[in-house]
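S.K.: One structure coming up, written as structure tokens, with questions to follow.
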There are 2 protein chains.
Amino acid sequence: MPQPPSSYTYNHTQTNITSLISHLETHNIPYSTDPETLTSKANTPHSPAQPHETPLAVFFPTSTQHVSTILKACHERLVAVTTFSSGTSFGGALTATRGGICVSFEKMNKIVRLNEDDMDVVVQPGLGWVELNEVLREKGLFFPVDPAPGASVGGMIAMSCSGTNAYRYGTMKEWVISLTAVLANGSIIKTHNRPRKSSAGYDLTHLLIGSEGTLALVTQAVLKLAILPQNLHVGLATFTSFQHGVNVVVALQKAGHQLEALELADGPQMHCVNYSRLAGQVFSETPTLFLKFAGPSTALLTDQIRAVEQLCKAQNALSYEVTADTHRIDVLWGARKCIGRALLTMKKHPSDLFMHSDCAVPISNLAALVEGTHELIAAAPSRNRKEWFCANVGHVGDGNVHSSIICPVADRLAVERVLRQIASLALRLEGTVTGEHGVGLKLRDALLEEVGGQGVEAMRRVKRALDERGILNPDKVFRLEDDGGEERAKL
Amino acid sequence: MPQPPSSYTYNHTQTNITSLISHLETHNIPYSTDPETLTSKANTPHSPAQPHETPLAVFFPTSTQHVSTILKACHERLVAVTTFSSGTSFGGALTATRGGICVSFEKMNKIVRLNEDDMDVVVQPGLGWVELNEVLREKGLFFPVDPAPGASVGGMIAMSCSGTNAYRYGTMKEWVISLTAVLANGSIIKTHNRPRKSSAGYDLTHLLIGSEGTLALVTQAVLKLAILPQNLHVGLATFTSFQHGVNVVVALQKAGHQLEALELADGPQMHCVNYSRLAGQVFSETPTLFLKFAGPSTALLTDQIRAVEQLCKAQNALSYEVTADTHRIDVLWGARKCIGRALLTMKKHPSDLFMHSDCAVPISNLAALVEGTHELIAAAPSRNRKEWFCANVGHVGDGNVHSSIICPVADRLAVERVLRQIASLALRLEGTVTGEHGVGLKLRDALLEEVGGQGVEAMRRVKRALDERGILNPDKVFRLEDDGGEERAKL
């Protein structure tokens with residue numbers, strides 16, 4: 001094994017890229033150099049890529065072998081590689097910081113094999129979770145990890161994502177059985193077969209989940225499946241304070257009741273739902289707990305619904321409603337689902353920014369995080385501060401909250417500073433700077449604050465070990481080399 | 001970073017070890033060189049360590065800083081390090097193949113902090129899960145991962161273990177929130193704080209879980225907790241074939257019923273329970289499904305118990321019983337719990353061997369694994385084969401089965417060969433060679449067969465990256481270097 005380089009170098013000359021394309025053409029690997037296509041592969045939602053941050057070519061492999069051929073060639077030619085599956089990632093993981101080429105998994109979007117008795121499915125990375133669930137529905141099964149609707153399996157693995165179902169079902173970490181992946185030098189590994197559990201060697205499956213395309217490219221995944229929720233009920237309770245809603249969740253957990261989902265929005269968040277007119281009714285603009293109940297036993301549901309009602313009463317709930325009516329379910333849960341789009345309607349000007357945090361803290365510290373967030377925003381030294389629209393919605397069962405800020409474009413730096421302060425607060429409250437969105441480019445300093453210089457250096461060593469030339473998604477998660485900036489970045 | 005060595009060397013001269021001890025004495029780190037103590041730290045249950053496979057000194061750190069001081073000194077002096085927490089591991093993970101020194105966590109056995117509202121606990125690695133649960137019981141909480149009763153948290157993390165509760169609750173992989181660990185060079189990392197979920201950087205927590213002390217020494221862990229099972233019921237159903245029992249489990253899963261535990265023993269296994277007289281009654285010597293039901297809703301339990309009864313009837317169960325009577329629960333579940341000790345009573349001679357497999361396959365292939373195991377044992381070319389006692393018990397909800405063989409000591413190689421064939425069969429059935437016991441020394445060739453040369457090489461690169469001098473538990477999980485034997489070992 002060669003000595004780890006003291007600095008990483010790439011060869012992105014037109015000659016080298018042209019030679020790469022010619023080589024891969026002989027393997028019949030589809031590709032494009034159309035400028036619009038190239039830009040589309042590097043854009044982050046609400047934050048388009050700069051011209052120098054787009055790939056020079058994008059390849060569309062159709063097999064693991066194709067991916068192996070591409071990476072072997074890039075490894076030999078010192079070409080950086082970003083990846084694309086459907087482009088819903090927030091933190092800049094798609095940005096082609098060094099140019100290089102992009103591997104898009106859009107043509108690898110098949111269900112390879114459904115194993116109903118084992119409740120697992122073998123899929124390709126370009127498959128969307130919504131599309132997967134459409135196929136599974138008729139079998140009475142579903143894949144429960146539910147990030148943004150456009151997301152596909154490859155990106156979901158890369159970012160270790162979750163969603164509203166995480167409280168009941170867990171995150172990607174809990175729902176991937178094994179992976180087929182291609183390392184930077186083109187070698188193909190399969191982390192396991194299809195057993196539900198294994199103690200066989202290092203857990204390469206979990207090492208790759210959340211590595212944001214920096215360690216290997218996943219070409220196939222075995223996913224666990226759950227049975228479709230039965231007897232679905234949706235509930236909504238309103239409170240005078242966020243803390244009251246949190247108290248209900250803590251008490252529910254202690255009572256051993258396992259609901260399907262628990263989401264808590266603050267008053268401004270409900271105001272924004274009303275303002276957007278995206279929901280089917282006007283809601284009270286107070287802290288609102290959204291609840292989902294389901295299960296094979298209607299007797300259990302009756303017990304649970306009664307228990308929740310009592311807990312809400314004990315927290316002086318202003319209202320409490322539970323329904324099994326499908327239209328009413330659509331109205332209530334629809335209010336939760338529209339929040340992302342509703343926030344965008346709060347822009348006063350098309351150029352306004354939509355920025356948000358993704359911290360998670362132990363649930364007993366969640367109310368303190370939300371309160372502290374309000375204080376940090378109120379104290380932000382910006383002339384326009386009163387024009388900011390700020391709201392919070394939390395996957396409250398997991399202690400994960402998204403604090404959103406809509407503001408004039410001139411306030412980008414001020415908001416970035418506040419978001420960084422919120423991340424620091426989350427760490428003081430024993431939490432994490434990102435519960436489900438990943439690090440990308442934006443949270444690298446925050447990650448350093450979370451795991452320390454030794455923690456980042458351990459990650460960097462693993463990166464070097466598996467990708468000695470640093471070709472895979474360089475600059476993401478952490479800087480490839482500590483240039484001394486890490487010490488400065490520590491608060 | 002120095003170039004990875006082409007071969008690992010250690011300095012275990014008396015002079016070097018004496019110098020190490022003197023150095024660590026100045027840090028007041030307790031230690032022992034008593035021969036009996038040294039041997040006790042390297043023994044594998046039912047398979048004592050050889051004299052040359054014991055450490056030269058054992059240290060008893062009382063803090064993370066102690067561990068850091070020890071590893072830094074060993075790293076500088078090229079001294080190999082094995083670890084000990086309570087010594088229940090089967091696969092030889094404790095064996096001091098190179099001598100060197102042992103770090104025992106027996107004095108680091110405290111509960112550091114219990115966070116009731118967050119349902120997590122911060123513990124040291126030497127704490128036993130049974131002792132932890134004794135403290136948690138009065139709070140109505142428990143830690144659900146239940147391997148052998150003597151096991152402690154450090155070893156449980158090292159081996160990525162599980163037990164009878166894994167079907168309902170999952171394995172160590174699902175119940176560790178974060179770790180504090182010391183790397184080979186003495187640097188201290190903390191993988192996260194206490195959030196229930198995180199996407200912040202590489203998943204070092206899971207990289208360390210199951211790494212068998214080869215990547216870092218864990219000095220503190222944050223564990224998730226569950227509420228104590230309420231309204232416990234235990235059931236027992238008997239069938240004419242193993243497949244019938246498996247069918248019940250598959251159907252239960254598809255119906256969405258989540259029981260607390262599902263264990264399936266074959267006829268010989270039940271014979272051995274009877275023969276041992278360790279259980280409180282005589283059982284029918286036919287395939288037997290052990291069931292546990294629990295939950296906050298008695299209504300749900302009634303539903304579940306009725307559903308299981310119907311499924312058992314549909315599989316022509318010979319008997320079906322469910323009880324909430326605590327004495328009767330002790331008798332029925334006691335029969336399952338005594339199986340390990342009961343197997344030992346089948347030895348005809350004290351020197352007889354007790355050997356077993358730990359394969360896990362997708363549940364639809366479980367009956368094929370058990371049937372194939374019978375055939376492989378029947379075909380074993382040993383003169384004494386008819387004297388072997390063979391039995392199977394499975395964590396059937398996870399597709400994990402332990403096939404045990406009690407045989408004369410002269411048959412060690414023949415049994416090892418059969419167990420290796422069973423592991424290969426499990427791989428052909430899309431499974432793993434170890435569901436919960438880990439690789440250690442015994443399953444290294446089987447791991448190679450499972451993940452291939454590229455998979456092992458990826459693990460080896462990670463090992464080199466974090467422990468460049470190879471001092472941490474050398475030779476475990478895989479050979480430190482591929483001496484060409486790996487190609488030969490492939491079947």
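The values are calculated or read from the model by the stated rules, or taken from the named source; none is laboratory data. Because the structure is a prediction, the values reported are computed rather than measured. Neighbour counts run over all protein chains shown; Cβ positions are idealised from the backbone, glycine included. Accessible surface areas use protein heavy atoms only, side chains included; no ligands, DNA or RNA. Shrake-Rupley method; radii C 1.70, N 1.55, O 1.52, S 1.80 Å.
S.K.: What are the pairs with Cβ atoms under 7 angstrom where one residue, in the range B:394-420, is within 14 Å of B:SER47 (Cβ to Cβ) and in the same structural domain as B:VAL361 (by the TED database) and the other, located anywhere, is assigned to a strand (DSSP E or B) and open to solvent by less than 10 Å² (accessible area, probe 1.4 Å)? Sequence gap at least six, or different chains.
M.R.: Close Cβ pairs satisfying both conditions: B:VAL415/B:ILE405; B:VAL415/B:CYS407.
S.K.: Now, a different point. Out of all the residues in the range B:441-452, which are in contact with a strand residue (DSSP E or B) (Cβ under 8 Å, 6 or more places away or on another chain) and assigned to a loop (DSSP other than H, G, I, E, B)?
M.R.: B:LEU443
Residues are listed down the side, and each one gets a yes or a no for (1) of a type in the set (Val, Ile, Thr); (2) within 30 Å of A:GLY256 (Cβ to Cβ):
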position	(1), (2)
B:THR219	yes, no
B:GLN230	no, yes
B:SER241	no, no
B:ALA255	no, yes
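S.K.: When you look at B:LEU56, is it of a type in the set (A, V, I, L, M) and in contact with a Gly (Cβ under 8 Å, 6 or more places away or on another chain), yes or no?
M.R.: Taking the combined requirement at face value, the residue satisfies it.
S.K.: Name the single residue that is farthest from A:GLY150 (Cα to Cα) among those in the range A:87-125 being modelled with pLDDT under 95 and of a type in the set (S, T, N, Q).
M.R.: Among them, the one singled out is A:THR97.
S.K.: If I ask for residues that are at the interface with chain A (Cβ under 7 Å from one of its Cβ atoms) and either open to solvent by 20 Å² or more (accessible area, probe 1.4 Å) or under 30 Å from B:ALA261 (Cα atoms) (or both), which ones from the range B:174-189 would you list?
M.R.: Across the range B:174-189, the qualifying residues are B:GLU174, B:ILE188.
S.K.: Of these, B:ALA335, B:ALA307, which one is more than 14 Å from chain A (Cβ to nearest Cβ) and open to solvent by less than 50 Å² (accessible area, probe 1.4 Å)?
M.R.: Of B:ALA335, B:ALA307, the one residue that is more than 14 Å from chain A (Cβ to nearest Cβ) and open to solvent by less than 50 Å² (accessible area, probe 1.4 Å) is B:ALA335.
S.K.: Okay, moving on. Taking the range A:453-478, which residues are assigned to a loop (DSSP other than H, G, I, E, B) and either open to solvent by less than 10 Å² (accessible area, probe 1.4 Å) or farther than 14 Å from A:GLU212 by Cα (or both)?
M.R.: Result: A:ASP467, A:GLU468, A:ARG469, A:GLY470, A:ILE471, A:ASN473, A:PRO474, A:LYS476, A:VAL477, A:PHE478.
S.K.: Any idea which of (1) closer than 22 Å to B:GLY155 by Cβ; (2) more than 9 Å from every other protein chain (Cβ to nearest Cβ); (3) of a type in the set (S, T, N, Q) is the one B:SER403 doesn't satisfy?
M.R.: If we test B:SER403 against (1) closer than 22 Å to B:GLY155 by Cβ; (2) more than 9 Å from every other protein chain (Cβ to nearest Cβ); (3) of a type in the set (S, T, N, Q), just (1) comes out false.
S.K.: Another question, then. Answer yes or no: is there a residue in the range A:193-204 that is buried (at least 24 other Cβ atoms within 10 Å of the Cβ) and acidic (Asp, Glu).
M.R.: Yes, the range A:193-204 contains a residue that is buried (at least 24 other Cβ atoms within 10 Å of the Cβ) and acidic (Asp, Glu).
S.K.: For the range B:406-449, which residues satisfy the criterion of being within 7 Å of another protein chain (Cβ to nearest Cβ), closer than 17 Å to B:MET355 by Cα and open to solvent by 20 Å² or more (accessible area, probe 1.4 Å)?
M.R.: Scanning the range B:406-449 gives a single hit, B:HIS437.
S.K.: While we're looking at this one, here's another question. From the set of residues in the range A:450-468 that are facing chain B (nearest Cβ under 7 Å) and among the charged types (D, E, K, R), which is farthest from B:THR191 (Cα to Cα)?
M.R.: Of everything passing the filter in the range A:450-468, A:ARG464 is farthest from B:THR191 (Cα to Cα).
S.K.: Restricting attention to the range A:132-156, which residues are more than 11 Å from every other protein chain (Cβ to nearest Cβ), more than 16 Å from A:MET119 (Cβ to Cβ), of a type in the set (A, V, I, L, M) and buried (at least 24 other Cβ atoms within 10 Å of the Cβ)?
M.R.: Residue satisfying the conditions is A:VAL153 alone.
S.K.: Residue check, A:LEU225 against (1) at the interface with chain B (Cβ under 8 Å from one of its Cβ atoms); (2) open to solvent by less than 10 Å² (accessible area, probe 1.4 Å); (3) of a type outside the set (Phe, Trp, Tyr), all met but one. Which one?
M.R.: Here A:LEU225 clears every test but (1).
S.K.: Another question about this same structure. What are the residue pairs meeting all of these: first residue in the range B:17-42, first residue without any contact (Cβ under 8 Å) to a residue 24 or more places away in the chain, second residue of a type in the set (Ser, Thr, Tyr) and surrounded by fewer than 11 Cβ atoms within 10 Å (Cβ to Cβ), Cβ atoms under 7 Å, and 6 or more apart or on different chains?
M.R.: none
S.K.: Can you tell me which residue in the range B:342-390 is surrounded by the most Cβ atoms within 10 Å (Cβ to Cβ), limited to those that are among the small types (Gly, Ala, Ser) and within 30 Å of B:GLN281 (Cβ to Cβ)?
M.R.: Of everything passing the filter in the range B:342-390, B:SER357 is surrounded by the most Cβ atoms within 10 Å (Cβ to Cβ).
S.K.: I'd like the full set of residues that are among the charged types (D, E, K, R) and over 16 Å from B:ARG417 (Cα atoms), limited to the range B:379-397.
M.R.: B:LYS386, B:GLU387
S.K.: Which numbered condition in (1) open to solvent by less than 10 Å² (accessible area, probe 1.4 Å); (2) farther than 24 Å from B:GLU212 by Cα; (3) at the interface with chain B (Cβ under 7 Å from one of its Cβ atoms); (4) not small (Gly, Ala, Ser) is the only one that A:GLU212 fails?
M.R.: If we test A:GLU212 against (1) open to solvent by less than 10 Å² (accessible area, probe 1.4 Å); (2) farther than 24 Å from B:GLU212 by Cα; (3) at the interface with chain B (Cβ under 7 Å from one of its Cβ atoms); (4) not small (Gly, Ala, Ser), just (3) comes out false.
S.K.: Right, something else. Determine whether the range B:234-247 contains at least one residue that is more than 10 Å from chain A (Cβ to nearest Cβ) and in contact with a Gly (Cβ under 7 Å, 6 or more places away or on another chain).
M.R.: Within the range B:234-247, one or more residues are more than 10 Å from chain A (Cβ to nearest Cβ) and in contact with a Gly (Cβ under 7 Å, 6 or more places away or on another chain).
S.K.: Hey, another quick one. Give the residue that is least open to solvent (accessible area, probe 1.4 Å), with candidates limited to residues of the range A:95-118 that are in contact (Cβ under 8 Å) with a residue 60 or more places away in the chain and under 15 Å from A:SER47 (Cα atoms).
M.R.: A:THR95
S.K.: Give just the number: which of (1) in the same structural domain as B:ASP118 (by the TED database); (2) in contact with a Ser or Thr (Cβ under 6 Å, 6 or more places away or on another chain); (3) not acidic (Asp, Glu) does B:ILE189 not satisfy?
M.R.: (2)
S.K.: Taking the range B:119-131 only, how many residues are in contact (Cβ under 8 Å) with a residue 60 or more places away in the chain, more than 14 Å from every other protein chain (Cβ to nearest Cβ) and not polar (S, T, N, Q)?
M.R.: Qualifying residue count, the range B:119-131: 2.
S.K.: Here's a follow-up. For the range A:109-140, give me each residue that is more than 26 Å from B:VAL249 (Cα to Cα) and part of a strand (DSSP E or B).
M.R.: A:GLY128
S.K.: Would you check if there is a residue in the range B:52-62 being surrounded by fewer than 21 Cβ atoms within 10 Å (Cβ to Cβ) and at pLDDT below 95?
M.R.: Yes, the range B:52-62 contains a residue that is surrounded by fewer than 21 Cβ atoms within 10 Å (Cβ to Cβ) and at pLDDT below 95.
S.K.: For B:ILE177, state whether it is modelled with pLDDT of 95 or more and either in the same structural domain as B:ALA391 (by the TED database) or of a type in the set (A, V, I, L, M, F, W, C) (or both).
M.R.: Yes; evaluated as a whole, the condition is true for this residue.
S.K.: Could you give me the residue pairs with C-beta distances under 6 Å whose first residue belongs to the range B:233-244 and is closer than 9 Å to B:PRO287 by Cα, whose second residue is assigned to a strand (DSSP E or B) wherever it lies, and which are 6+ apart or on separate chains?
M.R.: These pairs meet every condition: B:ALA237/B:LEU289; B:ALA237/B:TYR320; B:THR238/B:THR288; B:THR238/B:SER319.
S.K.: Something else about it: Counting only residues that are more than 24 Å from the chain's Cα centre (by Cα) and touching a residue at least 40 places away in the same chain (Cβ under 8 Å), how many does the range A:170-195 have?
M.R.: Count: 5.
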